[in-house]
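Reading through the structure tokens given below for one structure.
The values are calculated or read from the model by the stated rules, or taken from the named source; none is laboratory data. From a predicted model like this one, the values you see are computed outputs, not experimental measurements. With ligands, DNA and RNA removed, areas are computed over all heavy atoms of the protein, side chains included. Shrake-Rupley method; radii C 1.70, N 1.55, O 1.52, S 1.80 Å.
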Amino acid sequence: MGAGKTTVGRLLAKRLQARFVDSDHEVAAVTGVNIPTIFDIEGEAGFRRRESETIQRFSQEGNIVMATGGGAVLDPDNRQCLRNRGTVVYLSASPETLYERTRRDSGRPLLQVKDRLTRLRELHQQRDPFYREVAHIIIEVGRTSASQVVRQILAALASDART
């Protein structure tokens with residue numbers, strides 16, 4: 001959460017002349033309610049089920065850039081699907097960076113806690129190994145602009161295509 005997946009994904013899709021899909025936005029569009037409401041009604045498990053269905057559906061399409069929700073990698077089926085059906089880019093950021101980027105954002109259900117930084121550290125510790133397992137490309141983000149991140153991704157993709 002807060003690594004820049006949606007912003008970078010949109011820019012990358014534009015540069016690649018691909019369709020951009022944000023799995024969170026797709027889940028919200030299908031249900032007709034926002035993510036916090038889904039969490040309130042169905043809990044995290046209900047949201048994760050919907051997220052997995054969305055990832056399964058869109059990962060079968062060609063010429064797309066998909067930004068997944070931050071917890072998508074928790075599901076082994078999602079990891080396998082993403083790793084096998086496309087090129088996975090992990091935008092890696094420290095919990096402190098994520099805190100700075102999300103501290104005023106009230107639309108993130110998992111961060112509605114008293115100590116947001118501690119929660120981000122817990123989530124990072126839990127998720128980072130999964131991100132690294134599934135990623136084909138890892139980009140360290142911090143104070144890097146979204147356009148700089150896109151250039152790094154494009155360079156990594158070009159390098160990978162040559163090998």
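The number of residues in segment 114-143 that are over 23 Å from ALA18 (Cα atoms), open to solvent by less than 80 Å² (accessible area, probe 1.4 Å) and not in a helix (DSSP H, G or I) comes to 1. If you go through segment 43-76 and pick out every residue that is open to solvent by 80 Å² or more (accessible area, probe 1.4 Å) and farther than 25 Å from ARG119 by Cα, you end up with 4.
If the condition is being of a type in the set (Ser, Thr, Tyr) and under 10 Å from the mean Cα position of the chain (by Cα), then segment 53-97 contributes THR68, TYR90.
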